[in-house]
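Down below is the structure, laid out as structure tokens.
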Amino acid sequence: MTISWQLLGDPGRDNALLARVDSGQGVERLLFDCGEGCLSALSHAEILAINHLFFSHLHMDHLGGFDSLFRRTYNRLSPPNRIWGPPETTRILHHRFQGFLYNLHHRQTGTWRVTDIFPDCQKTARFELSEAFEILHEEETAAKGSLVLETERYTVEAFALDHNTPSLGYLLREKPRWNVDPARMQAMGLPPGAWVKALKDPLSGQTELEIAGRRYDLTALREALLIETPGDSLAYLTDFRMDTQTRESLAERLKGCQTVVCESQYRHADRELAAKNYHLTATDAAQLALEAEVGALILFHLSDRYTRAERQELLREAQAIFPNTRFPDHWQI
Ligand SMILES: [Zn+2]
Ligand SMILES: [Zn+2]
């Protein structure tokens with residue numbers, strides 16, 4: 001597995017999700033939300049290495065830990081400082097950036113880009129430490145549908161959910177991996193060597209390969225030797241109300257997703273409260289996991305109203321519908 005994840009924060013407190021995408025050559029870190037105290041589980045080096053911060057929405061319990069992140073990274077040069085979120089993320093983050101005194105900033109450098117994700121476009125703003133983050137530089141408005149980020153290794157899709165304000169759900173997908181079938185390689189009498197790397201690299205630009213003094217057509221060789229392994233997938237869903245239409249469209253979008261990390265603010269008995277507050281119950285989350293045929297369901301973002309016994313009951317309600325449901329391991333419930 002090359003996407004691994006770590007749920008941050010405790011039950012009944014603020015939470016966040018850190019995903020690590022390991023390409024073999026390096027690890028990229030994607031943080032989803034940044035509630036109060038959530039970063040305390042991470043080392044300083046790991047915080048400095050976070051590549052992207054994705055907000056579901058900007059309620060206090062998802063943003064309260066941002067100052068801790070910004071304290072460590074406000075003047076970071078590498079990796080680039082990147083934040084994504086629903087409409088108004090730029091406006092609210094601009095206030096956060098400016099919520100400190102800067103007086104030696106003219107000599108300092110640090111660039112931040114914040115993107116508001118709309119259903120049909122993205123609006124990015126750039127902010128500079130050297131300007132004490134005063135000026136909002138508009139950069140681009142690109143229409144990309146639900147795909148908000150694509151790298152060589154993975155994609156991130158975002159989709160708006162109804163929290164009486166847009167709350168973005170995210171789907172992180174690793175791109176398929178290509179591996180050489182050793183049995184086929186042996187059957188063709190091909191020796192191992194550096195040519196395997198060129199074979200697996202779709203961007204190599206080569207049309208032929210020379211192996212042990214013989215020339216091979218690269219396309220034909222790829223078809224003969226490579227086997228596709230589907231990439232890992234991880235979804236992050238929080239703070240929204242479930243109705244039939246939402247469940248059906250999410251089930252389609254998340255079909256077969258390996259791991260879904262999903263809020264479960266309320267027990268089924270409190271479903272009226274859940275609907276009133278635009279949140280899910282454990283059974284809502286489990287029903288979605290069942291219909292989407294996902295691999296595993298991880299419940300988080302529980303209301304602080306529940307005792308330990310009630311949390312156990314909440315989990316059992318979900319497991320009755322979707323057996324492979326659990327809480328993050330470190331919660332020890
Ligand atoms: Zn909220
Ligand atoms: Zn929340």
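Just so it is clear, none of the values below were taken in a lab; they were calculated from the coordinates. Because the structure is a prediction, the values reported are computed rather than measured. Cβ atoms come from the backbone with ideal geometry, glycine included; neighbour counts cover every protein chain shown.
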Q. List the lysines whose alpha-carbon lies under 29 Å from that of Lys200, not counting same-chain residues fewer than 8 positions away?
A. Lys144, Lys175, Lys255
**Q.** Gain on full stretching of the segment that runs from Asp162 to Glu291 - 0.36 nm per residue minus C-alpha separation
**A.** 44.5 nm
(Q) How high is the relative contact order of the chain? Use alpha-carbon pairs under 8 Å, at least six apart in sequence, and give a whole percent. (A) 12
Q. Taking a point 7 angstrom from the Cα of Leu77 along the C-beta vector, which residues in the stretch 105-143 have backbone N less than 17 Å away?
A. 105-112, 128-131
Q: Pull out a ≥ b ≥ c, the square roots of the eigenvalues of the alpha-carbon gyration tensor of the chain, then state rounded if a/c is under 1.5, prolate if not and a/b is larger than b/c, and oblate in the remaining case.
A: oblate
Q | Dipole magnitude (debye, nearest 20) for the stretch 218-283, charges at Cβ of Lys, Arg, Asp, Glu | A | 140
Q: Considering the options Thr90, Thr229, Leu290, tell which one lies farthest towards the positive end of the dipole of the chain, charges being +1 on Lys and Arg and -1 on Asp and Glu at the Cβ, about the Cα centre.
A: Thr229
Q) Applying 1/(1 + (r/R0)^6) with R0 = 25 Å to the Cβ-Cβ distance of His44 and Asp22, what FRET efficiency is obtained, to the nearest 0.05? A) 0.75
Q: Mind giving me the nanometre distance, one decimal, between the label points for Arg247 and Arg222, set 7 Å out from Cα along Cα→Cβ?
A: 4.3
Q. Using 0.36 nm per residue, how much length does the chain from Ser204 to Glu131 gain when fully extended, once their Cα-Cα distance is taken away?
A. 22.1 nm
Q | Gained length - Ile333 relative to His106, 0.36 nm times residue gap less alpha-carbon distance | A | 76.7 nm
Q. With each run of n ≥ 4 DSSP H residues scored as -39500 (n - 2.57), what mean residue ellipticity at 222 nm is computed for the chain after dividing by its residue count and rounding to the nearest 500 deg cm²/dmol?
A. -7000 deg cm²/dmol
Q: Would you look at the GNM of the chain, springs on alpha carbons closer than 10 Å, and say which of Pro11, Pro119, Pro87 moves the most?
A: Pro119
Q) Let a ≥ b ≥ c be the square roots of the eigenvalues of the Cα gyration tensor of the stretch 1-150; is it rounded (a/c under 1.5), or, if not, prolate (a/b larger than b/c) or oblate? A) rounded
Q.
If amide hydrogens are placed 1.01 Å from N in the peptide plane, which non-local residues have theirs closer than 5 Å to the one on Trp84?
A. Leu53, Phe54, Phe55, Thr115
**Q.** Sorted by Cβ neighbour density within 10 Å, fewest at the top, the residues Met188, Met60
**A.** Met60, Met188
Q | Which of Arg271, Arg214 has the fewest Cβ neighbours within 10 Å, and the rest in rising order | A | Arg214, Arg271
